[in-house]
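**Q** Pasting a structure below so you can have a look.
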Amino acid sequence: MNSWIDKLINRALKGRYLTLSATLLVVIAGLIAVKMLPLEAYPELTNPQVRVITLYPGKGAEEVERLVTVPLEKELNGIPGQTSLRSLSLYGLSVVTTTFTEATLTAFA
């Protein structure tokens, strides 16, 4: 019984110089492609984010939210390219994080 794999192997062995040449060509093309591949030392794995951290010592979480977090959210809401806006208010601390689309450059975020 001659399967198609047997036929392929027999042809490859009969034309071994052609097979070696084709293999060498594929290896060279792969090496060239790897050399041309752009490589970043620190690739961006997430969408660009901007985090605003504000200290308001001595104030409770509700006061920090009312006096700091909510006004910051109002100002940051609606920035072009923005996908989400999150905030956290703790005792004496406000953290507002806004996320942008992948197309937004980090320098402009």
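The values are calculated or read from the model by the stated rules, or taken from the named source; none is laboratory data. Because the structure is predicted, anything quoted here is derived from the model rather than measured. Every residue, glycine as well, gets a Cβ built from its backbone with ideal geometry; the counts of neighbours run over all protein chains shown.
**Q** If residue 50 satisfies every condition in (1) closer than 30 Å to residue 105 by Cα; (2) touching a residue at least 12 places away in the same chain (Cβ under 8 Å); (3) loosely packed, with under 10 Cβ neighbours inside 10 Å but one, which is the exception?
**A** (3)
**Q** Within segment 61-72, is there a residue that is surrounded by fewer than 14 Cβ atoms within 10 Å (Cβ to Cβ) and part of a loop (DSSP other than H, G, I, E, B)?
**A** no
**Q** Find the residue count for segment 73-96, including only residues that are surrounded by 13 or more Cβ atoms within 10 Å (Cβ to Cβ) and acidic (Asp, Glu).
**A** So the count comes out to 1.
**Q** Something else now. Is it the case that residue 28 is assigned to a helix (DSSP H, G or I) and either exposed (fewer than 11 other Cβ atoms within 10 Å of the Cβ) or more than 34 Å from the chain's Cα centre (by Cα) (or both)?
**A** Yes.
**Q** Now a separate question. Do we find a residue being surrounded by 10 or more Cβ atoms within 10 Å (Cβ to Cβ), of a type outside the set (Lys, Arg), out of contact with any Cys (no Cβ under 8 Å at 6 or more places or on another chain) and not in a helix (DSSP H, G or I) anywhere in segment 2-13?
**A** no
**Q** Right, here's the next one. From the list 80, 43, which residue is free of Cβ contacts under 8 Å to residues at least 40 places away in the same chain, under 14 Å from residue 106 (Cβ atoms) and not in a helix (DSSP H, G or I)?
**A** 43 is the lone residue from the list that is free of Cβ contacts under 8 Å to residues at least 40 places away in the same chain, under 14 Å from residue 106 (Cβ atoms) and not in a helix (DSSP H, G or I).
**Q** Please indicate, with yes or no, whether at least one residue in segment 97-105 is aliphatic (A, V, I, L, M) and either loosely packed, with under 14 Cβ neighbours inside 10 Å or in a helix (DSSP H, G or I) (or both).
**A** Yes.
**Q** Does residue 71 count as modelled with pLDDT under 90 and either of a type outside the set (Phe, Trp, Tyr) or in contact with a His (Cβ under 8 Å, 6 or more places away or on another chain) (or both)?
**A** No, not satisfied.
**Q** How many of the residues in segment 46-72 are in contact with a helix residue (DSSP H, G or I) (Cβ under 6 Å, 6 or more places away or on another chain) and among the polar types (S, T, N, Q)?
**A** Selection size over segment 46-72: 1.
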